[in-house]
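Report on one structure; see the data block that follows.
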Amino acid sequence: MTPLRHWDVRVRGSVRRARRWVQTNIPARLRAAVLIPVALLSVGTVGYRWIEGEHWSYFDGFYMTAITLTTIGYGETHPLSVGGRVFTVVLAYSGIFTLAYYASELVRAVVTGELRQTIGRQWVNDKLATLTGHLIVCGYGRMGKIVCAELDRQKKWFVLLDKSPELLQDLPYTHGLPLHGDATTDELLRKAGIERARALVTVVGSDADNLYITLSARLLNPKLLIVSRAEEEDAEVKLRKVGANKIISPYLAGGHRVVQAVLRPAVLHFMELATRPEFLDLQIEEVKVAAGSALDGQTLRHSRVHADLGIMVVGIVRPNAELVYNPPLDTVIEPEATLIALGQRRHLEQLEKLAGVTR
């Protein structure tokens with residue numbers, strides 16, 4: 001391919017991408033409000049040259065058109081013929097009507113929120129293109145609202161997928177990005193950045209949809225952590241088979257919580273406080289140890305996480321998923337192991353740095 005041909009292909013590709021972006025992100029009425037003045041300016045520039053002859057340059061036509069459309073009216077650039085004056089009258093009224101139309105469209109777009117939605121949609125698209133290590137939440141029902149509120153409270157970036165555009169309007173989250181569409185489609189999951197996400201939570205109301213979303217997500221990202229909601233008992237088995245790491249049954253979890261509230265109210269109260277840092281400085285956190293980090297290969301005693309940071313390691317989940325409860329001090333910290341740690345938030349953040357956690 002010659003350099004000229006290569007340049008032509010690149011220009012054509014850029015023009016096509018720009019056209020698709022405009023058609024996708026800018027409403028038709030706003031496009032018309034912008035294109036009509038441009039069209040009038042072009043017609044006026046060529047029209048004066050065509051009517052008045054060659055002694056009018058294209059710049060003269062452009063200048064005359066500009067002062068006519070804006071109603072500045074400094075005077076004629078060159079003496080106009082009768083045809084030129086008629087053309088000027090038509091052009092002037094066209095400019096006035098266009099200005100009125102443009103002003104009304106701008107006011108309507110501001111009043112109805114269309115302009116804000118357009119700007120917001122572009123901001124969401126730009127943010128989605130760079131987002132990594134985020135979470136994806138599918139479904140904005142009662143459980144989905146609780147999940148999103150908790151993620152936003154903990155300042156975790158997430159993308160919310162839902163079929164209802166009304167539910168996604170004016171979301172009260174500073175770390176949530178709304179994305180309208182069907183979460184069972186690969187296209188929407190890819191648009192949400194599933195290849196770069198750290199986890200997916202599917203809490204739509206249908207077990208069939210949760211099953212399909214889980215299967216699609218697992219095929220698109222084999223390493224993704226998937227948490228799925230299940231209404232029926234038989235759905236739990238199917239969800240696990242298609243790749244769900246954790247399955248939450250609202251009724252089962254609610255029943256266990258009720259029993260704990262009756263039999264062990266103090267324990268339940270402590271666990272609630274330990275997992276909600278706004279109520280208590282003490283917090284339970286899980287920290288995954290990266291290979292080559294400062295903790296890799298160290299024993300708990302030599303790591304001095306308790307002596308220096310005051311952190312209690314109450315459990316270790318080994319890479320093979322084996323849980324070691326209350327590990328002894330001579331336990332070796334393996335790479336890819338997960339420490340279940342209890343301590344103050346600022347000390348847990350230091351532990352994350354030692355473990356090589358990147359956020």
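The values are calculated or read from the model by the stated rules, or taken from the named source; none is laboratory data. Keep in mind that this is a model prediction, so the values were computed, not measured. A quick note on method: Cβ atoms are made from the backbone with ideal geometry, for glycine too, and the neighbour counts reach across all protein chains shown.
Of note:
- Only one entry in Gly181, Gly139, Gly193 is out of contact with any Cys (no Cβ under 9 Å at 6 or more places or on another chain), on the phi > 0 side of the Ramachandran plot and without any contact (Cβ under 8 Å) to a residue 40 or more places away in the chain, namely Gly181.
- For the range 236-257, a tally of residues being in contact with a helix residue (DSSP H, G or I) (Cβ under 8 Å, 6 or more places away or on another chain) and farther than 22 Å from Asn221 by Cβ returns 3.
- Per this entry, Asp209 is not counted among residues that are in a loop (DSSP other than H, G, I, E, B), surrounded by fewer than 22 Cβ atoms within 10 Å (Cβ to Cβ) and out of contact with any helix residue (DSSP H, G or I) (no Cβ under 7 Å at 6 or more places or on another chain).
- Considered as a group, the residues in the range 153-199 that are among the β-branched types (Val, Ile, Thr) and in contact with an Asp or Glu (Cβ under 9 Å, 6 or more places away or on another chain) include one that is surrounded by the fewest Cβ atoms within 10 Å (Cβ to Cβ), and that residue is Thr174.
- Flag for Ser249 being surrounded by 11 or more Cβ atoms within 10 Å (Cβ to Cβ), in the same structural domain as Arg142 (by TED's automatic domain parsing) and among the small types (Gly, Ala, Ser): yes
- Looking across the range 293-327, not a single residue is under 12 Å from Ile340 (Cβ atoms), among the hydroxyl-bearing types (Ser, Thr, Tyr) and surrounded by 17 or more Cβ atoms within 10 Å (Cβ to Cβ).
- Filter pass, Lys145 being of a type in the set (Lys, Arg), assigned by TED's automatic domain parsing to the domain that holds Ile247, surrounded by 11 or more Cβ atoms within 10 Å (Cβ to Cβ) and modelled with pLDDT of 75 or more: yes
- All told, Pro327 meets the bar of being in contact with a strand residue (DSSP E or B) (Cβ under 7 Å, 6 or more places away or on another chain) and assigned to a loop (DSSP other than H, G, I, E, B).
- Candidates Pro172, Pro178 - the one that is assigned to a strand (DSSP E or B) and either of a type in the set (Val, Ile, Thr) or under 21 Å from Leu151 (Cβ atoms) (or both): Pro178
- Selection from the range 101-131 of residues that are under 10 Å from the mean Cα position of the chain (by Cα) and either at positive phi or at pLDDT 65 or above (or both): Val124, Asn125, Asp126, Lys127, Leu128, Ala129, Thr130, Leu131
- Selection from the range 330-352 of residues that are at pLDDT 90 or above and exposed (fewer than 13 other Cβ atoms within 10 Å of the Cβ): Asp330
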